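The values are calculated or read from the model by the stated rules, or taken from the named source; none is laboratory data. Remember, predicted model here, so these are calculated numbers, not experimental data. Neighbour counts run over all protein chains shown; Cβ positions are idealised from the backbone, glycine included.
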Amino acid sequence: MRRLLVAACLLAVCGCGKKTPPLPAAEIIPPAVTDLAFHLDEGGVTLTWSAPPGRGKDLRPVVSGYEINRAVFSPDQACDSCPLPWGRPVHIDERDARSELPGRHRQYREAVLRPGLRYAFRIRPLLGRLMTGPFSNTVAFTWETPLSAPQGLTVSPGDGRLDLVWQPVTSALDGTPVLLEVRYQVLRAAGDWRFRPVAEDLRAASFQDSTVANGVTYRYRVRAIRQVSGAAIAGPVSAEVPGVAADHTPPALPADLVVQAEPEGILLSWPASPAADLAGYRIYRVQLPATDPTLLGEVPAGTESYFDHPAPGAGRWQYGVTAFDRATPANESAAAFAVLTVGPVSTE
């Protein structure tokens with residue numbers, strides 16, 4: 001690093017063109033990464049961090065790569081004052097760390113981990129071959145074999161909800177039995193959306209998703225999470241299972257149906273239904289003692305009356321009114337009934 005600074009100074013003094021003072025070292029050395037984190041799953045560990053911001057108007061990162069430092073040791077050897085046994089560092093290019101990630105997001109994956117050992121990682125940015133920035137924060141975890149994928153996932157529809165049930169996970173990927181409590185994560189997707197967690201840290205092998213919309217197809221996956229020394233190790237996901245919530249609850253039946261004979265027909269009226277998803281009402285009529293009514297028609301929500309014109313012939317007539325909602329197919333309530341006698345009724 002000293003040689004690089006000397007060379008920069010010589011160029012500033014001896015170079016052709018406009019002379020400028022050399023940059024201070026603090027403006028050349030890349031700043032430290034301050035948000036190093038990790039994620040554990042069946043593929044190993046993924047380190048994530050934000051690239052140090054560059055200088056200038058666009059603040060584009062100026063680092064050329066990163067140095068990955070790893071320490072591997074037994075959990076029995078860990079102590080707050082003990083130095084970590086850092087191994088030989090690995091160098092990665094800035095382009096490999098960026099890959100397809102947006103903005104300043106960077107990552108590094110390592111798949112070869114041994115169960116029962118503790119791992120620590122730290123990184124520092126590189127600028128060329130000679131200049132390195134300060135070390136980042138250190139992250140550490142104890143690795144154990146991830147748990148198997150949950151089996152037997154089923155999704156049952158309800159009104160505004162989907163009920164998920166699966167078989168409890170009892171073993172790890174290597175077949176060893178699970179001795180501690182298993183936690184579960186539920187992931188959901190709809191349409192072209194990516195799978196995203198909709199429930200975390202579940203202790204039971206079931207979940208009710210009440211944040212769904214009726215008529216929309218959702219897809220679900222479930223994974224088991226292993227907790228080891230405060231770190232979560234995610235296992236592989238289950239098979240994907242779809243589900244569609246459906247409204248099967250009809251509106252309340254109309255109350256206090258009133259049927260009144262008018263000169264030109266029969267007027268029916270009733271109080272408005274309080275159902276939020278009310279679509280309308282259906283009106284039925286049957287001549288007693290028959291029991292199979294005829295649908296006279298429908299009126300939309302907000303219309304709480306119906307005029308039967310012309311009036312039916314002489315006899316005892318039973319009218320019925322039901323409420324139905326906007327579901328497909330519609331849910332229809334039970335009927336409110338009222339009986340009206342028209343003209344003279346034969347007693348034969």
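Reported count of residues in segment 90-116, each being assigned to a loop (DSSP other than H, G, I, E, B) and either surrounded by 15 or more Cβ atoms within 10 Å (Cβ to Cβ) or of a type in the set (Asp, Glu) (or both), is 3.
Report whether or not Asp192 is without any contact (Cβ under 8 Å) to a residue 12 or more places away in the chain and either part of a loop (DSSP other than H, G, I, E, B) or within 30 Å of Thr154 (Cβ to Cβ) (or both). Before the answer, list the steps.
Details: without any contact (Cβ under 8 Å) to a residue 12 or more places away in the chain: yes; either part of a loop (DSSP other than H, G, I, E, B) or within 30 Å of Thr154 (Cβ to Cβ) (or both): yes.
Yes: the conditions hold for Asp192.
Assess whether Asp201 counts as being surrounded by fewer than 14 Cβ atoms within 10 Å (Cβ to Cβ), of a type outside the set (S, T, N, Q) and in a strand (DSSP E or B). Give the steps one after another, and end with the answer.
Values: surrounded by fewer than 14 Cβ atoms within 10 Å (Cβ to Cβ): yes; of a type outside the set (S, T, N, Q): yes; in a strand (DSSP E or B): yes.
Taking the combined requirement at face value, the residue satisfies it.
All of Ala290, Ala314, Ala261 fail the test of being free of Cβ contacts under 8 Å to residues at least 12 places away in the same chain, over 51 Å from the mean Cα position of the chain (by Cα), more than 30 Å from Gly160 (Cβ to Cβ) and surrounded by fewer than 17 Cβ atoms within 10 Å (Cβ to Cβ), apart from Ala290.
Selection of segment 208-220 for residues being surrounded by fewer than 20 Cβ atoms within 10 Å (Cβ to Cβ) and either under 24 Å from His39 (Cβ atoms) or of a type in the set (Asp, Glu) (or both) yields only Arg219.
Which members of segment 283-303 meet the condition of being part of a loop (DSSP other than H, G, I, E, B), touching a strand residue (DSSP E or B) at 6+ places or on another chain (Cβ under 6 Å) and closer than 15 Å to Asp325 by Cα?
Residues of segment 283-303 part of a loop (DSSP other than H, G, I, E, B): 288-293, 301-303.
The next check asks that each one be touching a strand residue (DSSP E or B) at 6+ places or on another chain (Cβ under 6 Å); those that pass are 288, 293, 301.
Once the filter is applied, which keeps residues that are part of a loop (DSSP other than H, G, I, E, B), touching a strand residue (DSSP E or B) at 6+ places or on another chain (Cβ under 6 Å) and closer than 15 Å to Asp325 by Cα, segment 283-303 yields only Ala301.
Just one residue in the set Ser206, Ser273 is modelled with pLDDT of 95 or more and over 15 Å from the mean Cα position of the chain (by Cα); that residue is Ser206. Residue count for segment 128-150 under the criterion of being farther than 30 Å from Asp76 by Cβ, surrounded by 19 or more Cβ atoms within 10 Å (Cβ to Cβ) and aliphatic (A, V, I, L, M): the result is 1. Residues in segment 56-84 that are within 18 Å of Val139 (Cβ to Cβ), of a type in the set (A, V, I, L, M) and either at pLDDT 80 or above or in contact with a helix residue (DSSP H, G or I) (Cβ under 9 Å, 6 or more places away or on another chain) (or both): 4 in all.
Take Gly280 and tell me if it is exposed (fewer than 13 other Cβ atoms within 10 Å of the Cβ), among the small types (Gly, Ala, Ser) and in contact with a strand residue (DSSP E or B) (Cβ under 9 Å, 6 or more places away or on another chain).
The answer is no for Gly280.
Restricting Gly243, Gly235 to residues that are closer than 28 Å to Thr142 by Cβ, among the small types (Gly, Ala, Ser) and not in a loop (DSSP other than H, G, I, E, B) narrows the list to Gly235.
If you go through segment 160-175 and keep only what is surrounded by 13 or more Cβ atoms within 10 Å (Cβ to Cβ) and either in a loop (DSSP other than H, G, I, E, B) or free of Cβ contacts under 8 Å to residues at least 12 places away in the same chain (or both), you end up with Gly160, Pro168, Val169, Leu173.
Can you tell me which residue is nearest to Pro251 (Cα to Cα) among those in segment 315-332 that are of a type in the set (Ser, Thr, Tyr) and at pLDDT 95 or above?
Filtering segment 315-332 down to residues of a type in the set (Ser, Thr, Tyr) leaves 319, 322, 328.
Still in the running and at pLDDT 95 or above: 319, 322.
Values: Tyr319: 19, Thr322: 9 Å.
Selected residue: Thr322.
Here Phe207 fulfils each of the conditions (1) without any contact (Cβ under 8 Å) to a residue 40 or more places away in the chain; (2) part of a strand (DSSP E or B) apart from (1).
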